[in-house]
Structures are given as structure tokens and as C-alpha cells.
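The values are calculated or read from the model by the stated rules, or taken from the named source; none is laboratory data. Fair warning: this is a prediction, and the values are worked out from it, not measured in the lab. Here the Cβ is made from the backbone with ideal geometry for all residues, glycine too, and neighbour counts use every protein chain on show. In case anyone asks, the SASA skips ligands and DNA or RNA and just uses the protein heavy atoms, side chains included. Shrake-Rupley method; radii C 1.70, N 1.55, O 1.52, S 1.80 Å.
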Amino acid sequence: VLSFDDMSPQKDQEWFCDGMAEEVINTLSQIESIRVAARKSAFYFKGKDADIREIGDKLSVETVLEGSIRKAGNRIRVTAQLIKVKDGCHLWSRQYDRNMEDIFEVQSDVARNIAEALTENLTPAEKRHIQQRPTQNVEAYTFYIRGKEYLLKSHEKNDLLFAEKMLRKAIQLDPAFAHAYGWLSSVHNNLYWFYYDRTQERLELAKECAEKAMQL
């Protein structure tokens, strides 16, 4: 799953495009019969004009998902295509023109179509996982995606503090958002680990968030 291209008018949605690809990776990784290249490996090709066959060879994969996102206001256009590395032919492609409120439906549909193109039988549990939503609050989800992307972006203090801010906003909007608590725990851990805040309070925050995520 390659990083999605940002086709938005202001070119300011890179974090959302990367987050969308990350969510698809996470969903597909839960399907036992599909092996998915790790985000770090796949995102190596971000911004590079690499041939599909070269990508497939370096990642040792048979298929590649590439796509783009155009976001303007509350409207979003997602284009996705699944391509066979061997001959460059499309296995599946689709374009979605939706409101942001439908983003979970789009993600589920993309993951389901990919899974069905690559494997004959999905178990009931896998089908449920594909349809699962981490939150019902789209605004909370947007803050979550942004916070997670800044955490994954670097270990710089400013990025970690911004990630903390975004994830706290996600939790304020949805206090039952388990994923947000889990990633916020990682932020606290990194702030401690990289010597930005070596207080006991920071460790306690990491522990509390982790326990809350597990509880939820």
C-alpha cells in the first residue's frame, strides 16, 4: 500500500493521505491470508517516480495499491487502484466522491475490495474487522489521524507535542476512543524516552493512557 497522493487544491492534506494509507495497511494486516509490506518499507517510494515492477521487486510483493485523495471543505474524492506487479494490469479500481462523514465507509470498501481480489474466502471475523470503525465521530478521527501522523513523522520534540495536542482533542471529542488513548500513550513514552520530559508524571500519563486503551 503506497502513500496516497495529495491532490487537494492547497496541497495541505499530506498527513491525511498518509493516514488513510496507514489505516488500509492496518486493516489488511489483520487478514491472515494476505501479507502486507510494512508502512516504512512501502512509504520509502513516496514522492519517487518508481515503476510498479521496481516497487514489487524491492518489496517482494505481487500487487500494489496506489491512490490519491482530493479534499476540499467537507467533500472528499478518493481514487484507488490495485495493480498486478507482473504485467501492470489493474485488478480493481474505483473512485469515490463523498462527504467526510462517509470516510469510514470508503476505507472499509477499499479494504474489502482488495481482500476479495486477493483471497477467495474471508472469515466472518475478518469481515467484521474490515467493517469496524475506531470511532463514530469524524472530527475526532481527523484529529486522531493528524496526531498519529506527527508521531510517526519524527521524534522531534515539537512534532511529539503537536501529536499530543491532536490526540487529546480526539479524546475530548470521543472519550471512548481506544485507538487515540493507545497512540497518546506512545507519545508520552517517546517524550520520556528521548529525554524531553524525564518526569515520573510523564511515565504515569503513558501508563494511564495504555491502561485506558486496554480497558476500552
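Some values worked out for this structure:
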| item | result |
| --- | --- |
| Degrees separating the helix 200-215 axis from the principal Cα axis of the chain, which is the longest one | 50 degrees |
| Alpha-carbon centroids, the stretch 1-48 and the stretch 132-199: separation in whole Å | 18 Å |
| Net charge over other residues, Cβ less than 12 angstrom from the Cβ of Ala42 (K, R count +1; D, E count -1) | +2 |
| Candidates Leu205, Leu65, Leu28, ranked by Gaussian network fluctuation over the chain, Cα under 10 Å, top entry | Leu205 |
| Over the chain: helical MRE at 222 nm, DSSP H runs n ≥ 4 each giving -39500 (n - 2.57), nearest 500 | -17000 deg cm²/dmol |
| Nearest-10 value in Å² for the accessible area of Asp102, using the 1.4 Å probe | 50 Å² |
| Prolate/oblate/rounded label for the stretch 1-123 (Cα gyration tensor, a/c 1.5) | oblate |
| Candidates Ser108, Ser29, Ser60: whichever shows maximal mean-square fluctuation once the chain is modelled as a Gaussian network with Cα springs under 10 Å | Ser60 |
| Value of relative contact order over the chain, rounded to a whole percent, pairs C-alpha under 8 Å and six or more apart | 15 percent |
| Contact order relative to length of the stretch 1-85, as percent, for alpha carbon pairs under 8 angstrom and 6 or more apart | 36 percent |
| Within the accessible area of the chain (1.4 Å probe), percent carbon and sulfur | 46 percent |
| Length released on extending from Ala50 to Asn121, taking residue separation times 0.36 nm less the Cα-Cα span | 22.3 nm |
| Rounded tilt (10° steps) of 138-153 against the dominant C-alpha axis of the chain | 90 degrees |
| Accessible surface, per residue, of the chain when the full set of protein chains is kept, probe 1.4 Å, Å² | 55 Å² |
| Area accessible to solvent at Thr63, 1.4 Å probe radius, in Å² | 40 Å² |
| Folded to 0 to 90 degrees: helix 178-193 orientation relative to the chain principal axis, Cα | 60 degrees |
| Cα gyration tensor shape of the stretch 154-216, rounded if a/c is under 1.5, else prolate or oblate by comparing a/b with b/c | oblate |
| Net charge contributed by nearby residues that have their C-beta within less than 12 Å of Val85 (K/R +1, D/E -1) | -2 |
| Residues of type aspartates and glutamates that Lys157 reaches as a straight line, Cα spacing below 15 Å, ignoring anything fewer than 8 places off in the same chain | Glu149, Asp197 |
| Reported label for calculated volume of the Cα convex hull per residue in Å³ given (1) 186; (2) 112; (3) 129 | (3) |
